[in-house]
1. Under 26 Å from Leu118 (Cβ atoms) and in a helix (DSSP H, G or I), is that true of Glu212?
2. If I ask for residues that are polar (S, T, N, Q), more than 23 Å from Ser179 (Cβ to Cβ) and touching a Leu at 6+ places or on another chain (Cβ under 8 Å), which ones from the range 103-149 would you list?
3. Output the residues belonging to the range 31-61 that are buried (at least 16 other Cβ atoms within 10 Å of the Cβ), more than 23 Å from Arg119 (Cβ to Cβ) and of a type in the set (A, V, I, L, M).
4. Mind counting the residues in the range 191-209 that are aliphatic (A, V, I, L, M) and within 15 Å of His124 (Cα to Cα)?
5. Please work out which one of (1) at pLDDT 95 or above; (2) surrounded by fewer than 20 Cβ atoms within 10 Å (Cβ to Cβ); (3) not aromatic (Phe, Trp, Tyr) is the condition Thr73 fails and give its number.
6. Please work out which residue is surrounded by the fewest Cβ atoms within 10 Å (Cβ to Cβ), limiting yourself to the range 154-209 and to residues that are hydrophobic (A, V, I, L, M, F, W, C) and under 18 Å from Leu61 (Cβ atoms).
7. Among the residues of the range 104-136, how many are within 16 Å of the chain's Cα centre (by Cα) and closer than 19 Å to Glu71 by Cα?
8. For the range 149-166, give me each residue that is part of a helix (DSSP H, G or I) and either out of contact with any Gly (no Cβ under 8 Å at 6 or more places or on another chain) or closer than 20 Å to Asn138 by Cα (or both).
Amino acid sequence: MRYTYNSNAIEGSTLTLEDTSLVLEGEFVPSDSPARYVFAARGVADGMAYVREYAKEGRKLNEELIRRLHEVTALDLQPFARGTFRPYGYLARITATRVKTADPLDIQDDLQTLIDGLRDGGVHPLLKAAAFHAMFENIHPFMDGNGRTGRQLLNYMLLAAGYRPVAIKHDAGRVYARSLESWQVDGDPVAFCSVFLDCVEQEEHAFIDLVEGLRRKPDAIRSKTDLLDRFGDTLRKNLAWQDGDGKSAGIDYKGPRHHMGH
């Protein structure tokens, strides 16, 4: 949810964090926000679900995957524009930057060159993900929704490499944009890599803090294992009802807590 909020806020969405949470739960549509922001929030959340599934399946990053992620992410666009590259004559401009985006006739070739570059095994996965993101945004293959799709692809690459997904904070939006421009126009990758690696570090520390917090709270662990035991009891009762005598080949009836003690 934080990721959805931040990714859309960077693009100008006026939905608050609370609004975003309620929208994703299907309980609330803010009356004072344009409908496109509501659709955009839903799209980023849906797209992230695809990202997780694709990474879990080990899908290769290719043009088809890029088009599909844009199609499900950019729900605020008209159907004809989702998953479709910019047509001939449609020149994209990134507001308030010096960045020159790809000519529509060069988009497919430029993207394929970028994808082929992922085969270089001598580059660290984090730096490879950062470079791909910067150059993808430089190409700007779609009519709109490039930023959101680019951040989905960034997280796909992180998950595929065994890292946690990141949420680039909306209040860092200007720094994020300027650092991308420095790489795309001046060829200086340091600023963007610094922003990106800070985000990766924050997510990894947050996960470590969560684990350490659980270790310091044995009562919380016990409450969770009690829940697992209750689930196990229910499962065993259901199996007993189905089998008549409560026995089924291959079923271990000792319960989760027994195994956690080994």
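1. Working: under 26 Å from Leu118 (Cβ atoms): no; in a helix (DSSP H, G or I): yes.
No: the conditions fail for Glu212.
2. Step one: list which residues in the range 103-149 are polar (S, T, N, Q), which gives 108, 112-113, 138, 146, 149.
Restricting the remaining residues to those that are more than 23 Å from Ser179 (Cβ to Cβ) gives 108, 112.
None - no residue of the range 103-149 is polar (S, T, N, Q), more than 23 Å from Ser179 (Cβ to Cβ) and touching a Leu at 6+ places or on another chain (Cβ under 8 Å), so the list stays empty.
3. If the condition is that a residue be buried (at least 16 other Cβ atoms within 10 Å of the Cβ), more than 23 Å from Arg119 (Cβ to Cβ) and of a type in the set (A, V, I, L, M), then Val38, Ala40, Ala41, Val44, Ala45, Met48 are the ones that fit.
4. Summing the residues that are aliphatic (A, V, I, L, M) and within 15 Å of His124 (Cα to Cα) in the range 191-209 gives 2.
5. Among (1) at pLDDT 95 or above; (2) surrounded by fewer than 20 Cβ atoms within 10 Å (Cβ to Cβ); (3) not aromatic (Phe, Trp, Tyr), Thr73 violates only (2).
6. Ala161
7. Number of matching residues: 2.
8. As a first pass, look at the range 149-166 and keep what is part of a helix (DSSP H, G or I): 149-160.
Residues satisfying the conditions are Thr149, Gly150, Arg151, Gln152, Leu153, Leu154, Asn155, Tyr156, Met157, Leu158, Leu159.
The values are calculated or read from the model by the stated rules, or taken from the named source; none is laboratory data. Every value quoted in this text rests on a predicted model; they were computed, and no experiment measured them. Cβ coordinates were reconstructed from backbone atoms using ideal geometry, including for glycine residues, and neighbour counts include every protein chain displayed.
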